[in-house]
Structure formats: structure tokens, C-alpha cells
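A short write-up of the structure that comes next.
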Amino acid sequence: MRILTRTFAVFAVALSITAYAADGPLLKPPPGARAAIVVFEDLECESCAEAYPVVLDTAKVHNVAVVLHDFPLTKHPWAFEAAVYARFFDTKSEKLGNDFRGYIYSNQPQINKGNLQQYASKFANDNKVPLPFVIDPDGKLKDKVNADVNLGTQLKVQHTPTIYVVGTGIDTPPAEVTDRSQLGQIVEDALAKSPPAKKATPAKIGTKTKKKAATPK
């Protein structure tokens with residue numbers, strides 16, 4: 001993967017991020033990764049739909065991991081259920097879970113609480129994955145979504161998407177990205193401050209919720 005050269009002034013970058021040092025230990029790159037993009041997302045959020053490909057493309061360009069966390073907002077009637085569906089497809093494969101998120105985002109304007117299951121069923125059929133009548137009989141997928149919500153609450157996440165860049169450098173506290181056009185530069189800055197991995201065991205690149213990483217398209 002190629003690494004882009006710096007194109008923005010340090011001062012401009014400083015204006016586009018907010019350090020989150022107080023809760024830094026809660027946000028770390030996956031094992032073996034020097035840096036990661038951490039996203040708290042809501043599948044019903046229009047801005048999340050816009051950010052999703054930007055995050056994946058930036059991760060691919062800079063060869064960094066992406067960690068997705070569910071943070072469905074209570075004002076969105078079908079967001080939580082969609083997150084549970086995404087978790088179900090994650091259990092089949094990381095790529096399938098990521099593809100489902102992209103599919104929901106691309107069809108977001110047409111989806112509502114009444115037809116969400118139809119969209120999930122179509123996606124399942126198109127990908128030859130049987131969709132059980134009850135996808136989360138023991139509530140484990142719901143528990144995972146709630147665990148992400150609790151983490152976001154600890155971090156005082158108030159909107160979606162909330163995007164952080166985290167690195168392994170001691171002087172690289174998690175930084176909240178408030179201007180997505182600066183995301184690549186902020187990732188480069190985190191990589192520059194993060195020491196090389198001690199072992200040649202690279203983390204998987206891309207997106208996954210909580211402790212999972214996948215390969216971005």
C-alpha cells in the first residue's frame with residue numbers, strides 16, 4: 001500500500017482534531033497495528049453513510065486498521081435492529097458484514113422499520129446466506145451492540161459518526177476527527193509518531209466492529 005505524502009500544514013491539522021487523552025486507554029489500535037481509525041456509527045445516519053467509504057479508502061491508502069463500533073441513536077427507529085443484522089452477517093464472514101453495512105448505507109433513503117427485514121432478506125439471498133426467522137435467539141448479538149453503546153457512552157460520544165485516529169506512540173493520544181477531509185493527514189501524523197511493530201505480524205486492514213478488523217475495498 002502506498003503512503004501519501006503530507007500536503008497540509010501542521011497548524012491546519014491541529015485545528016481539525018480534538019485530543020481525547022482522558023479516555024485514551026479505552027481506544028487502542030488492534031494488536032500488531034501502529035495506528036487505526038476508530039468509528040462509532042449508526043446505520044440509519046446519513047452522515048455515517050457518507051463517511052463509510054471515506055474511512056475505508058483512507059485505511060486502504062495508508063494501510064491501517066479500522067475498528068467499527070455500533071452506536072445506534074435512540075432517535076433512529078431501525079438503527080439498532082440493523083446493527084444486529086450486521087452482527088449476524090459478521091458471524092458468516094468479516095467481508096459479508098462489511099458488505100451488508102455498505103448495502104444498508106447505499107439503500108438507506110428507501111429503508112424504514114417496516115421494510116428493513118426485506119432488505120436484509122434480499123441481501124442474504126443475493127449472497128446465498130440462509131436468514132433464520134430469529135437471527136439472535138440468545139441475545140448475544142444484541143449484547144455486543146449494547147457493549148459498543150456503553151463504550152461510546154464512556155467516551156461521551158454524542159453524535160455519529162464519531163471518528164478517532166489512534167496510534168501506539170506515547171505522545172499520540174486518540175484524536176477525534178472533526179473534518180473528514182483531514183483524515184488522511186491525521187493518520188499520517190499518527191503513523192509518524194508511532195514506533196514500528198516489534199513483531200512482523202501485521203494487523204488485518206479494514207473495518208470491523210469492536211475487536212475485529214477486515215479488509216477495505
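From LYS75, LYS113, LYS60, LYS92, which residue is touching a Phe, Trp or Tyr at 6+ places or on another chain (Cβ under 6 Å), at pLDDT 95 or above and not aliphatic (A, V, I, L, M)?
The match here is LYS113.
Which one of the conditions (1) touching a helix residue (DSSP H, G or I) at 6+ places or on another chain (Cβ under 8 Å); (2) modelled with pLDDT of 95 or more does GLY167 fail to meet, given that it meets all the rest?
Here GLY167 clears every test but (2).
Could you please give the count of residues in the range 37-66 that are crowded, with 24+ Cβ neighbours inside 10 Å, among the hydrophobic types (A, V, I, L, M, F, W, C) and more than 11 Å from ILE163 (Cβ to Cβ)?
4
Mind listing whichever residues of the range 99-113 are within 17 Å of ASP126 (Cα to Cα), over 14 Å from the mean Cα position of the chain (by Cα) and surrounded by 18 or more Cβ atoms within 10 Å (Cβ to Cβ)?
Those that are within 17 Å of ASP126 (Cα to Cα), over 14 Å from the mean Cα position of the chain (by Cα) and surrounded by 18 or more Cβ atoms within 10 Å (Cβ to Cβ): TYR103, ILE104.
Taking PRO216, is it surrounded by 13 or more Cβ atoms within 10 Å (Cβ to Cβ), at pLDDT below 95 and in contact with a Phe, Trp or Tyr (Cβ under 8 Å, 6 or more places away or on another chain)?
no
Farther than 19 Å from LEU73 by Cβ, without any contact (Cβ under 8 Å) to a residue 40 or more places away in the chain and not small (Gly, Ala, Ser), is that true of GLN110?
Answer is yes for this residue.
Can you tell me which residues in the range 113-139 are aromatic (Phe, Trp, Tyr) and in a helix (DSSP H, G or I)?
TYR119, PHE123, listed by residue number.
Which residues, counting only those in the range 46-104, are within 24 Å of ARG34 (Cα to Cα), outside any helix (DSSP H, G or I) and charged (D, E, K, R)?
ASP70
The values are calculated or read from the model by the stated rules, or taken from the named source; none is laboratory data. Please read all numbers here as calculations on a predicted model, not as lab measurements. Positions of Cβ are backbone-derived with ideal geometry, glycine not excepted, and every protein chain shown enters the neighbour counts.
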